[in-house]
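I have placed the structure first, in the form of structure tokens, so that the comments after it can refer back to it.
Just so it is clear, none of the values below were taken in a lab; they were calculated from the coordinates. No experiment lies behind these values; they were computed from the predicted model shown. Quick reminder, even Gly has a Cβ in these numbers, built from the backbone with ideal geometry, and neighbours come from all protein chains shown.
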Amino acid sequence: MVSNGTKGRFTLTGKVHEGDCSFSISNAQPADQGFYEFRIEEGDHKYSYSWDKLNVSVTDLPEPTISPVGELIAGKPITLTCTAHPAPQGCKGNITWGGRINITNMSNYEREDQAGKVTSISDITVTPSQREHNSPLTCTVTYSGVSTNSSITLGVQYPPSLTITVPDAPRSPAIWDCTSAGCRVEVIEGTSLSLLCSAESNPPANLSWEKMGQSSTDPLNSSSGRLNVGPVTAHNEGEYMCRARNKHGDSTASAIVVIIYAPRRLTITYCNITGNSVLCLYYKTLHYNFYTFWSHAHW
């Protein structure tokens, strides 16, 4: 008997007059589980095969499992396995993978136990990189048109890469230029300077600053990566190096700091006394050996 809840899903597929009483249930629902028996009704003739009932159970389609689920290391190949839930005899699952990571090798196979249940398995070999960190990887298993899947988020560990910026620019310092190789910063004497060192890494890197050629670097240590110097003097000029380190490696980047200051000394190079007059040639020295020449007469 067909009810509204089973209409279109319960189908007698066999040819009864040929002795085939096959019956099909599509899109099985929890309410479909229970005992089923075959019954014939033709006019006044009715007969039920109650002695040969079939018990149908409906269970949720279990999700497959992906292993291992630990941290991956950038540049190191690893094999990941997707294992489907054991299926009844004769029912094999087709496994596919999805994600942006590049799969270099894939092997699908089945394993059958003594009860006849088949476990579908798929192994893939991948070489993760930094760009795949926190990206999803999905394994999908399809049984006769019905699918279930499981996803993990890839955790890729990699060594640090550094960038240096000047957070207070353009107000101070007046001139700065930063590239992937580091920074060159020109700052006016008496103003303040901030250098920010940022590390891209997993796990997070330990950061420190040091001034090249300086015996003690303790005053420059900064776990936040921000180095503040000021008010600056000529003593602060030089190369400052930021270092980042985690368990997978370390990286360095440097900033060349140049102090711009007013003329400091006057050097007389030539004087000529003629009568009551003295004619002198001198120059004032600024940074970068920039010279200004003029003459001065005294009466």
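Once you keep just the Cα pairs under 8 angstrom separated by 6 or more residues, what percentage relative contact order results for segment 10-56? Don't skip to the end; give the middle numbers.
Working: 53 pairs, mean separation 13.1, N = 47.
The normalised contact order for segment 10-56 reaches 28 percent.
Taking Lys and Arg as +1 and Asp and Glu as -1, the other residues whose beta-carbon sits under 15 Å from that of residue 73 total +1. The calculated pair-distance distribution of segment 65-154 uses every alpha carbon pair, bins of 10 angstrom beginning at 0, and gives 16, 48, 25, 9, 1 percent. Its Cα centre serving as origin, segment 1-136 has a Cβ charge dipole (Lys and Arg +1, Asp and Glu -1) of approximately 460 debye. Excluding same-chain neighbours fewer than eight residues apart, the lysines reachable from residue 247 by a Cα-Cα span under 21 Å are 76. For residue 46, the lysines whose Cα falls under 30 Å of its own Cα, not counting residues fewer than eight places away in the same chain, are 7, 15.
What are the trypsin sites (Lys or Arg not before Pro) within segment 8-87 that DSSP puts in a loop, where the Cβ has at most 13 other Cβ atoms within 10 Å? Mind dumping the intermediate values first?
Values: sites: 9, 15, 39, 46, 53; in loops: 9, 15, 53.
Those satisfying the criteria are 15, 53.
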